[in-house]
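Below is one structure, written out as structure tokens, with a few remarks after it.
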Amino acid sequence: MMRLARYRGWIVLALDVCLIFACNILMFWPRYLRGDIRLINLVAHIGFLTVCVLIFQLALKTYESLWRYAESREYLILLSGLGEGFALYAGLNLLFGAEQVWITCAFFGTAVALIGMLTIRFVYRIYRFRVAGEQGKGRRQVAIIGSGTAGVSLVYELKHNMNGSYIPYCMLDDAPDKIGKVVHGIPVRGPINDLCAILQDTPVTEIILAIPDLSAQRRAEILELCAKTKCRLRILVDPVSQLERGSNPTMTANVRGVEIEDLLGREPVELDKENIRAFIEGKTVLVTGGGGSIGSELCRQIAECRPRRLIALDIAENSVYDLQQDLYHRFRGTLDFVVEIGSVRDEDKIDRLFRSYRPQLVFHAAAHKHVPLMEHCPEEAVKNNIFGTYHTALAARRYHAEAFVLISTDKAVNPTNIMGATKYLCEQVLQGMREGSDTRFAAVRFGNVLGSSGSVIPLFKKQIAYGGPVTVTDKRIIRYFMTIPEAVQLVLEAGSLSQSGEVFVLDMGKPVRILELAENLIRLSGYTPYEDIQIQEIGLRPGEKLYEELLTQSADLSRTENDKIFVEMRPAVDRHEMEDWLFQLSRVLEHGSRADLFRELHRLVPSFCEPEQVNEAAVRRMEQQQQTDWEQSHSERVVQHIS
């Protein structure tokens, strides 16, 4: 079949030639039988007519079309080729004084041949859709939300892809002038808010959201509607933007699974990209922890800003190698990218690196961040997070880097775990470095990063793929989320805004209840929570808070020129005092026990408390708020009843 397909155009051409000959002989045959014309003249005229027609059909590339995908344009080209070919034949006959009978009979013969050509092509399309389409049995019936350009193009592609996974069942739209119409044979129904009722008792098993330019709020509303069905949800990524990035421009190639950021219900935070570019362009930039989820995205976005040189430092060679290959294929040798394998714990390595490359900008993303693991191995968190930051910041100061930006965390606020406490002390290290230095030191705090290594979303997806159960630590737990690109943009703009000593914080919007997040992800994967896939509560992990503080509620914060970014000015720390407590901490690491280390961290971080204290207080506040809300609601109902 594949070899036959290579010659399909020539086969169609041969059929057209046969049709032209057959139909014209049919028209001329009665005159031939009466002896009005000779056979040799008949063959010559029909051959000449065929040559005239083929000249135009070949010029118009009629036989390069795939007729199973043909639309009105292809049929108009076929008609145009026949018409122009016949006009050439008729004009030359008139020019050379041929009898009128030749032109008249040839006209009717060509018209009948056209009908035959169209018939062959229609029969072929019917064969492709009905006979060859039997191969596509078992394809999933899909409803497509959106009947705009993207949705219509997707329907067309799905209908003509016999080997695809989907077959369109219906489209849904809110536009009154579209509802009730038919697009490529597929009915348009609506409005979208009636999605559950429309899809009830239908064979639809999947839904594709094909409106790329939806607002984040409307997208979240539609996804919530989809979650009430038992259909798996897929989302069409804007194919134009994917084409600009060099990705596959076909519609089906840009249909992806649902991501939890789709459910956040807020627009992505867009920062000042021109300011960021001006901050980075033409400079030597160092990213520590460059192979991690945040570090690698930092490298990708920095690379877009045309640095003079980009250096990625990481102890994990596999992840940073993957980053190296990615950047090589993206920038094709136009980026001066250097990979250094090493640890920020190694003071000599850090000094040699700074002495060799003289980085002007430093983004310090190297850290141990997994809360339960650091509770189990606190000395590793202290060595890597605190002393790694100290070594890197000291080198930046010594070699006169322009800016040093620390990747911090919301867990540094009133920490309840080792990871948060060490990150708080990392911030204090910067405050001790800033006095008398021409390097600007700043820290950036943000909450949970969607899709980062160790985050809850990849875990939920794996658990759903395994058939469950999905595990949540506590059904009451809430978190603030942001995407990796948002977090990285914040880091880059913070560096451009820093004067020295600031802690930058992003407005992260509304909190998300983890239980609802798990339930929605299960539903949007085509399953029913607690029936198809169970959700198990396994208890809070060591050092874990029930509710994270809203970072932007602090009275010490003020807005920057970007209303999504807040800044907290921290008092400077005396450098000698900082070095003293670092020395004491190193002695405890070397000679003390883990209990001694915990006591020293509690001494150095006054707000460091046990998670049980914070969680109990949070539960009491939550219960009081619920009681207040109930009393207020009850009072309003009483007043309405009296009225």
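Table: residues versus (1) modelled with pLDDT of 80 or more; (2) touching a Gly at 6+ places or on another chain (Cβ under 6 Å); (3) among the polar types (S, T, N, Q).
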position	(1), (2), (3)
ALA175	yes, no, no
GLY180	yes, no, no
VAL188	yes, no, no
LEU225	yes, no, no
LYS228	yes, no, no
ASN248	no, no, yes
GLY257	no, no, no
ASP262	no, no, no
ARG266	no, yes, no
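A count restricted to the stretch 428-441 and to residues that are surrounded by fewer than 24 Cβ atoms within 10 Å (Cβ to Cβ) and under 33 Å from the mean Cα position of the chain (by Cα) stands at 0.
Within the stretch 115-138, being crowded, with 18+ Cβ neighbours inside 10 Å and either within 26 Å of ALA227 (Cβ to Cβ) or modelled with pLDDT under 75 (or both) holds for one residue alone: ARG121. Scanning the stretch 16-59 for residues that are loosely packed, with under 14 Cβ neighbours inside 10 Å and within 17 Å of LEU118 (Cβ to Cβ) yields a single hit, CYS18. When ARG355 is tested against (1) touching a helix residue (DSSP H, G or I) at 6+ places or on another chain (Cβ under 6 Å); (2) modelled with pLDDT of 95 or more; (3) surrounded by fewer than 19 Cβ atoms within 10 Å (Cβ to Cβ), only condition (1) is not met. In the stretch 442-455, the residue that is nearest to LEU517 (Cα to Cα) out of those that are within 27 Å of the chain's Cα centre (by Cα) and modelled with pLDDT of 75 or more is PHE446.
Select from the stretch 195-231 the residues that are surrounded by fewer than 17 Cβ atoms within 10 Å (Cβ to Cβ) and part of a strand (DSSP E or B) and list them in ascending order. Of everything in the stretch 195-231, nothing turns out to be surrounded by fewer than 17 Cβ atoms within 10 Å (Cβ to Cβ) and part of a strand (DSSP E or B).
Restricting attention to the stretch 340-367, the residues that are under 35 Å from the mean Cα position of the chain (by Cα) and among the polar types (S, T, N, Q) add up to 2. Which numbered condition in (1) assigned to a loop (DSSP other than H, G, I, E, B); (2) over 23 Å from ARG594 (Cα atoms) is the only one that HIS368 fails? It is condition (2) that HIS368 fails. Being surrounded by fewer than 24 Cβ atoms within 10 Å (Cβ to Cβ) and in a helix (DSSP H, G or I) holds for only one residue in LEU394, LEU335, and it is LEU394.
Within the stretch 407-425, the set of residues being aliphatic (A, V, I, L, M), closer than 25 Å to ARG587 by Cα, within 34 Å of the chain's Cα centre (by Cα) and at pLDDT 90 or above comprises ILE418, MET419, ALA421.
Could you go through the stretch 163-175 and let me know if any residue there is loosely packed, with under 14 Cβ neighbours inside 10 Å, more than 22 Å from LEU233 (Cβ to Cβ) and either of a type in the set (Ser, Thr, Tyr) or free of Cβ contacts under 8 Å to residues at least 40 places away in the same chain (or both). Within the stretch 163-175, one or more residues are loosely packed, with under 14 Cβ neighbours inside 10 Å, more than 22 Å from LEU233 (Cβ to Cβ) and either of a type in the set (Ser, Thr, Tyr) or free of Cβ contacts under 8 Å to residues at least 40 places away in the same chain (or both). Of the residues making up the stretch 338-365, those that are of a type in the set (Lys, Arg) and either touching a Lys or Arg at 6+ places or on another chain (Cβ under 6 Å) or assigned to a helix (DSSP H, G or I) (or both) are ARG345, LYS349, ARG352, ARG355.
Would you say ARG234 is at pLDDT 75 or above and not in a helix (DSSP H, G or I)? Yes.
Taking the stretch 595-614 as the range and being surrounded by 12 or more Cβ atoms within 10 Å (Cβ to Cβ) and more than 17 Å from GLY420 (Cα to Cα) as the test, only ASP596 passes. Could you tell me whether ALA381 is in contact with a Pro (Cβ under 8 Å, 6 or more places away or on another chain), in the same structural domain as THR422 (by TED's automatic domain parsing), assigned to a helix (DSSP H, G or I) and surrounded by 22 or more Cβ atoms within 10 Å (Cβ to Cβ)? Criteria not met by ALA381. All told, GLY501 falls short of being in the same structural domain as LYS411 (by TED's automatic domain parsing), surrounded by fewer than 20 Cβ atoms within 10 Å (Cβ to Cβ) and on the phi > 0 side of the Ramachandran plot. Taking each residue of the stretch 186-212 that is assigned by TED's automatic domain parsing to the domain that holds LYS159 and looking for partners that are crowded, with 20+ Cβ neighbours inside 10 Å and polar (S, T, N, Q) with beta-carbon atoms closer than 6 Å, six or more apart or interchain, yields VAL188/SER147; CYS196/THR229; LEU199/THR229.
Find the residue count for the stretch 57-77, including only residues that are modelled with pLDDT under 70 and over 25 Å from LEU158 (Cα atoms). Within the stretch 57-77, residues that are modelled with pLDDT under 70 and over 25 Å from LEU158 (Cα atoms) number 1.
Inside the stretch 574-617, residues that are assigned to a loop (DSSP other than H, G, I, E, B), at pLDDT 90 or above and hydrophobic (A, V, I, L, M, F, W, C) make up a count of 1.
The values are calculated or read from the model by the stated rules, or taken from the named source; none is laboratory data. Here the structure is a predicted model, which is why all the values come from computation and not from measurement. Please note: Cβ atoms are built from the backbone with ideal geometry, for glycine as well, and neighbour counts cover all protein chains shown.
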